[in-house]
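Asker: Handing you this structure, nothing more for now.
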Amino acid sequence: MEALVIINEQHTLLPDQERILLEKFGAFELVKVPATGWTLEQIEEVCSSLTGIVVFVSPIPAMIKILARRSGQDEGRFDGEVGDSVFVFHNDHREKKTLPDGRVIMSVSQDGWVLV
């Protein structure tokens, strides 16, 4: 079943994320969020047009809540539980990087992504 992948238009899927999507769903379609974002009204409109499996690469909190609640209701759950059609990418692996000015920062690893 094809998944709809929510991603900011300025972002790209990492190879590890793309591999996971193809292994789990076989195919996917990108739904690109404008760099300026959406208003709550626009989010509600977009959500009303989405069906099936939705995967968030770029977090849109209001959209996650709306779709997660709807997925639970679609599965006959009326207790606020989330259904099985909304996923988010998670990565708790960090890489240590030293900047030219000597500061050390931690950034998310290219690998180690999981769908939750």
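Quick note: the coordinates plus some simple rules give every number you see, no bench work behind them. It should be emphasised that the depicted structure is a prediction, and the values quoted were computed from it without experimental measurement. Neighbour counts are summed over all protein chains in view; Cβ atoms, including those assigned to glycine, are modelled from backbone coordinates with ideal geometry.
Asker: Mind sorting Arg70, Arg94, Arg103 by how few other Cβ atoms lie within 10 Å of their own Cβ, fewest first?
Answerer: In increasing order of surrounding Cβ atoms, one gets Arg103, Arg94, Arg70.
Asker: Provide the net charge surrounding Met106, with neighbours chosen by a C-beta distance below 12 Å and charges set as Lys +1, Arg +1, Asp -1, Glu -1. Working shown, then result.
Answerer: Values: positive: Arg94, Lys96, Lys97, Arg103; negative: Asp92, Glu95.
Neighbour charge sum, excluding Met106 itself: +2.
Asker: May I ask you to derive the FRET efficiency for Glu23 and Thr51 from their Cβ-Cβ distance with R0 = 22 Å, giving the value to the nearest 0.05?
Answerer: 0.50
Asker: Moving on. Taking the alpha carbon gyration tensor of segment 3-115, what are the square roots of 5 times its eigenvalues, largest first, to the nearest whole Å?
Answerer: On the way: eigenvalues 163, 56, 40 Å².
Semi-axes, largest first: 29, 17, 14 Å.
Asker: Mind sorting Asp101, Asp84, Asp16 by how few other Cβ atoms lie within 10 Å of their own Cβ, fewest first?
Answerer: The order, fewest Cβ neighbours first, is Asp101, Asp84, Asp16.
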